[in-house]
Amino acid sequence: MKVEGKEYRTIWFDEKSKVVKIIDQTKLPHQFIIKDLKTIKDAINAIKNMEVRGAPLIGATAAYGLVLAIIENNDQSFLKKSSEKLINSRPTAINLKWAVDRMMKKLLGVNNNEILNLALNEAKEICEEDVKFCENIGLNGLKIIEEIYSKKKDTVNILTHCNAGWLATINWGTATSPIYHAHKKGIKVHVWVDETRPRNQGANLTSYELNEEGVSNTIIADNTGGILMQRRQVDMCIVGTDRTLSTGDVANKIGTYLKALAANDNNVPFYVALPSSTIDWEIKNFKDIPIEERNPEELSHIEGLDENNNIKKILIYPKKSKAINLAFDITPAKYVTGLITEKGVCKASTEGLKKLFK
Ligand code: MRU
C-alpha cells in the first residue's frame, strides 16, 4: 500500500546488502524510517520492541530472522536456539510459532550450502502467501460491505480496533483489506478508529495508513464505540486477531472483547478477519492462550512530538501509582458474527472453520 504515494511492503530482503528491511513502526506516524535488521538479535528485538507488530508481520519477521541466523552462523544448533528465542519473543500471536515451525521443517538437518537459498525462498513464500491471503480476505469481506451499502445506500461506517491494517501484515491488512477493496470500488466507507491505548496502534498506525490511501476515518477514544453503536452510527465492526481457536474464540488486542459486547448489545455485526496462519488448531480452551503482559511504562508514559518536532516521552501517571498492562483479551465465539478468511466467511465455530479448512 502507499506512503506518500509510493508503494511499500512492510518487510523485504535486500539481496545486495543481505539485510532485512522493515518500516520502524515505533516512529510512525511522525517519522517514516526504514531500518536494517542485520542479525537474529536485531530481528528478535524488532519483534519484542514492536518495531514490527501485528500477527502476520511478526511471523514474517521471524521467518526472515532465521535467514539472518543462517547468514550469521550456518550451524544447526545455532539455528535451533534462534528458533526457540524467536518463538518466545512475543507469546500471544500464533503466527510467530507457525512461521518458525514452517521454516524449521524445511531447514532442520540441511547441512549444505543450499540452506540459505532454501530459507530465503521459504521466507519470501510466507510473505507472498500472506499478501495473497489478505487480498482474498478483502474480496470476501467486500461482499459484506456491499450488502450493507446496497441496503443503506449511504456511507458504511465501520469500527475497527488496534491496527489490523497493511502495516500489521505484508500488504492489504486483514481487517482493513475489505475496507480498501470497498474504497477502491467506489463504495463510500468511513472508519471509526479506536485509539487503542496504551500503544495507540489505532491512532498512530490505522489512521495513518487510511489517510495515506485516502480512506475517510475518525479517531475515537477507546470507550467511545459503545455510544456510537447506541446512536446507530456503526454499521459493522471488523477487527483482526492474534490467535483464533478452532472453537472460534478470538484473542486480539486488549479492548476487543468490550467492543464485541457493545456490538452484541446493539445488534451491530462483529466480524473478525484473519488468514489461516492465525488459527490455533491445538488449544481448545481459551484460558490456555498465553496473554502477553507488557511493561507498565507503556501505560504510565506517552510519546508524541514536542514543540521542536522531536519525539518525546513523558510521564502521565502519579509517580507512586501501580499499573498493569495486559496486551490482549479474548472474545468468545458467541459474540463473533463471522470469521472473514482467505477461503471465505464462516461461522466462528469448529464446524464453520472445518468446512473451510479441513
Ligand atoms: O500488539 P500488536 O500491535 O502486535 O497487536 C496487534 C493486534 O492485536 C492486531 O489486531 C492483530 O495482530 C491482527 S493483525 C492483522
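The values are calculated or read from the model by the stated rules, or taken from the named source; none is laboratory data. Just so it is clear, the structure is predicted and the values come from calculations on it, not from any experiment. Please note: Cβ atoms are built from the backbone with ideal geometry, for glycine as well, and neighbour counts cover all protein chains shown. Note: accessible area is taken over every heavy atom of the protein model, side chains too, but ligands, DNA and RNA are not part of it. Shrake-Rupley method; radii C 1.70, N 1.55, O 1.52, S 1.80 Å.
Accessible surface for the chain, divided over its residues, is 44 Å² per residue with a 1.4 Å probe. Simple rule: put +1 on each Lys or Arg Cβ and -1 on each Asp or Glu Cβ in segment 145-197, find the dipole, and look at 167, 149, 179; the Cα lying farthest toward the positive end is 149.
Compared with the rule-of-thumb size 2.2 N^0.38 Å for a compact globular protein, segment 192-285 has a Cα radius of gyration ratio of 1.13. Taking amide H positions as modeled 1.01 Å from N, with prolines and chain starts lacking one, the residues under 5 Å from residue 174 and 5 or more places away or on another chain are 165. The peptide list 167-180, 251-264, 205-218, 109-122, put in order of mean Cβ contacts within 10 Å with the highest first, becomes 167-180, 251-264, 205-218, 109-122. Working note: Debye formula, equal point scatterers on the alpha-carbon atoms of segment 51-137, no solvent; log10 I(q)/I(0) at q = 0.10, 0.13, 0.23, 0.25 Å⁻¹ is -0.23, -0.38, -1.09, -1.25. In segment 95-142 the Cα-Cα distances spread across 5 Å bins starting at 0 as 5, 19, 23, 19, 14, 9, 6, 3, 2, 0 percent of all pairs. Averaging the sequence gap over all C-alpha pairs within less than 8 Å and six or more residues apart, then dividing by the number of residues, gives the chain a relative contact order of 16 percent.
Angle of helix 55-72 to the longest C-alpha principal axis of the chain, folded into 0 to 90 degrees and rounded to 10: 10°. Ranked by the mean number of other Cβ atoms within 10 Å of their residues, highest first, the peptides 10-16, 37-43 come out as 37-43, 10-16. Beta bridges from DSSP with both residues in the chain: antiparallel share about 55 percent, rounded to the nearest 5. Remark: for residue pairs 18/80; 35/124; 284/319; 48/184, the C-alpha separation exceeds 30 Å in 284/319; 48/184. Global dimensions of segment 43-89 from alpha-carbon coordinates: Rg and Dmax equal 10.2, 30 Å. Spread over its residues, the convex hull of the C-alpha atoms of segment 248-313 is 182 Å³ per residue. Ordering 316, 47, 357 by Cα displacement along the dipole of the chain toward the positive end leaves 357 in first place; charges were set at the Cβ atoms of Lys, Arg (+1) and Asp, Glu (-1). Seen from a random direction on average, the alpha-carbon convex hull of segment 1-98 projects onto 6.4 square nanometres.
Take the convex hull of the alpha carbons in segment 317-358; its mean projected area over all directions comes to 4.9 nm². In whole angstrom, segment 117-187 maps to an equivalent ellipsoid with semi-axes of 29, 12, 7, each derived as √(5λ) from the alpha carbon gyration tensor and ordered largest first.
Other residues whose C-beta falls under 15 angstrom from the C-beta of residue 6 contribute a net charge of -2, scoring Lys and Arg +1 and Asp and Glu -1. Compute the orientation-averaged projected area for segment 283-358 from the convex hull of its Cα atoms and round it to one decimal in nm². Taking a quarter of the hull surface, the average projection is 8.9 nm².
What whole number of Å gives the distance from the Cα centroid of segment 132-164 to the Cα centroid of segment 247-278? Here the answer is 15 Å between Cα centres. Note on the chain: with charges restricted to the Cβ of Lys and Arg (+1) and Asp and Glu (-1), its dipole about the Cα centre is near 520 debye.
Above 24 Å lies some portion of the pair distances; for segment 70-210, what is it as a whole percent of all C-alpha pairs? Here the tail beyond 24 Å accounts for 47 percent of pairs. Counting Lys and Arg as +1 and Asp and Glu as -1, what is the net charge of the other residues whose Cβ lies under 14 Å from the Cβ of residue 112? Computed value for this residue: -1. Ratio of Rg to Rh for the chain: 0.96 [Cα atoms; Kirkwood radius as inverse mean 1/r over pairs].
Peptides 190-201, 301-312, ordered by how many other C-beta atoms sit within 10 Å of their residues on average, highest first, read 190-201, 301-312.
Normalised by residue count, segment 206-358 yields a Cα convex hull volume of 160 Å³ per residue.
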